Ligand code: 13P
């Protein structure tokens, strides 16, 4: 597992391969010779090959935003793990809320994908999080229990050492309204308690849990100082050089772990 803190950029459906490569070299020039957190770039599929070519000279990691659970076959529009590995992918985001809600991915689909990723010795970034009405009806824990229990079905203790969790409350994604530190601390504690029930104290304590949802340079300092936060999964702000490098510097300067 890469060292904490971890900053992962989820570019969603943004940037061409040329724009992605340019962003990487510009970021590298900005951060040159500075000590950094571990940084994972998750661009669209179409950028993976090209970004991997320049990433091998840089100290960043490469992730994909999704994968299909079959190896090959008549699955128009899908991408397999072999294809991702051949592009140098080391991480795969699984179960992002946009996959769950727009593309109707179920916990069962997500579970199959986590198994598929782990079979290739690649690290899943497993996303979980409640919707606004779950929170308002005091169902956050219930939702997280279900997502974790069903998403991790059949995943044993050894396999758990390769998983990164991203807690992304749906109401905070792309809204400009981040969860405040005490909400984040409470949810990360809940996740560790659930993992203690399902696995062990070591796994619950050691697993990296990233926070995602409207992370920006100006809230990143208090969020990274929050107990139980091992880094971020960042959407919008990871597309902008100044914002992304600002967050990286705040993580570097304020990380507790
Ligand atoms: P924003 O940072 O744009 O809120 O997106 C968060 C996210 O979905 C990262 O996966």
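Listed values, structure above:
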item	result
Span from the region 1-31 Cα centroid across to the region 193-257 one, whole angstrom	16 Å
At 0.890 mPa s and 25 °C, Stokes diffusion of region 74-167 via Kirkwood alpha-carbon radius, µm² per second	175 µm²/s
Kirkwood-Stokes translational diffusion coefficient of region 1-100, alpha-carbon pairs, 20 °C, 1.002 mPa s, µm²/s	150 µm²/s
Viscosity 1.306 mPa s, temperature 10 °C, Stokes-Einstein D of region 141-257 from Kirkwood C-alpha radius, µm²/s	108 µm²/s
Bins of 5 Å from zero: percent of alpha-carbon pairs in the chain	1, 6, 14, 19, 21, 18, 13, 6, 2, 0
Which of 161, 187 has the fewest Cβ neighbours within 10 Å, and the rest in rising order	161, 187
Highest-first arrangement of 41-52, 133-144, 229-240, where packing means the average Cβ count within 10 Å	229-240, 41-52, 133-144
For region 49-116 versus region 154-176, the gap between their alpha-carbon centres in whole angstrom	15 Å
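Coordinate-derived values only; no laboratory data. This is a predicted model, so every value here is computed, not measured. Note that we place each Cβ from the backbone using ideal geometry, even for glycine, and neighbour counts take in every protein chain shown.
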